[in-house]
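Every read-out reported here was derived from the displayed coordinates using simple, explicitly stated rules and does not represent laboratory data. Since the structure is predicted, the reported quantities are computational estimates derived from the model, not experimental observations. Cβ placement follows ideal geometry from the backbone for every residue including glycine, while neighbour counts extend to all protein chains displayed.
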Amino acid sequence: MADLLFKLSNVPEDEADEVRQVFQQGGFDIYETSAGRWGSGVAAIWLADSSQLADARAALDHYQAQRARQMQENYAELVATGAAPTFWHKFTASPWQVIGCVLGIGVIAALMVLPFLGFLS
């Protein structure tokens, strides 16, 4: 039976390509499934040979630890240079979108809290 190795939903294409490359270099027998036309399936990379599961997971864990370090270093560099996106940058780029989100959050929070305060009962 096949074993799920890596879900591809909401994964950047460069990361998915790197994961495929890790499995190909390791010589693992893998195949991919897509989410399908309506997105009801599972887009993932599967291992066909269960006897390779421990080695495949070890290779994937090593890759993910390396990628996490790389992304943290990239973010630290962006913060050090002042290029990291902040709330103020997002607000100045699209103020109406930020205002709408903040108002929406406020309305939802109010609707959740008001019954406990006795205003809507």
Considering the stretch 12-29 alone, what residues qualify as being surrounded by fewer than 14 Cβ atoms within 10 Å (Cβ to Cβ) and within 13 Å of the chain's Cα centre (by Cα)?
P12, E13, D14
Six or more apart or on different chains, Cβ atoms under 8 Å: show the pairs whose first residue is in the stretch 10-29 and touching a residue at least 24 places away in the same chain (Cβ under 8 Å) and whose second is of a type in the set (S, T, N, Q).
F28/Q52
